[in-house]
Each structure stands twice: as structure tokens, then as C-alpha cells.
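> Supplied in C-alpha cells, the structure appears directly below.
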């Protein structure tokens, strides 16, 4: 992993030995200003992942594409939605 992205950060960060509550995650620009569209997209994406994939228990070597593949198999979500989910999870931090 050459650069940390949103997906890997969400898997790594724990508060009091519990996975991070994604409802408290906000994506910001370089100056710390919240980016509401990306934050909303991430929240939507993670709520779908919560329903169909157990993110904390996924293999640490797994990649965003593995999770998106699981969502593709387990949900009726269209490909364009899954593409947007992949983009937000791949955002470098």
C-alpha cells in the first residue's frame, strides 16, 4: 500500500477498541473545509457496506475493488453507483 486511502483508514481506525462509526466521518478539502457531496456519498456507500459486508472483519490485504465486487454480487446496485463508491473509497488521505 503506497498511499493511505479512505477505505484503509476506515479499516485501521478504532476508538476504544471499536470500529470507527462512519456516521461521524467527514471528508474535507486540504484546508479542512467539509466536502458535503463526498461526505454524503461516503455515508451512503458505508451504509450499504454495513448491510452486506462486515468491513472490520475483511482481510487486511483486501482492496477497495474486493469490497465493490462483493457489493456487485450481493446487491442490485447499478454499476455507475458502484463506480462512485469505489472512487470515494479510493480517495487518498
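> Please express the shape of region 6-89 as an equivalent ellipsoid: the semi-axes are the square roots of 5 times the eigenvalues of the C-alpha gyration tensor, given largest first in whole angstrom.
20, 17, 11
> What is the fewest-to-most order of 90, 83 by other Cβ atoms lying within 10 Å of their Cβ?
With the fewest neighbours first, 90, 83 line up as 83, 90.
> What value, in deg cm²/dmol to 500, does the helix sum -39500 (n - 2.57) over DSSP H runs of n ≥ 4 give at 222 nm once divided by the residues of the chain?
-15000 deg cm²/dmol
> Give me the distance in nm between label points sitting 7 Å out from Cα along the Cα-to-Cβ direction at residue 15 and residue 30, one decimal.
2.8
> Sticking with this structure for a sec: How high is the relative contact order of the chain, in percent, counting Cα pairs under 8 Å that sit 6 or more residues apart?
Here the relative contact order equals 38 percent.
> If each residue of separation counts as 0.36 nm, what is the full-extension length gain between residue 51 and residue 75 once their alpha-carbon separation is subtracted?
7.7 nm
The numbers here are math on the coordinates, done by the rules we state, and not lab data. Note that this is a predicted model, so its numbers are computed, not measured. Ideal geometry is used to build each Cβ from the backbone, glycine not excepted, and the neighbour counts take in all protein chains shown.
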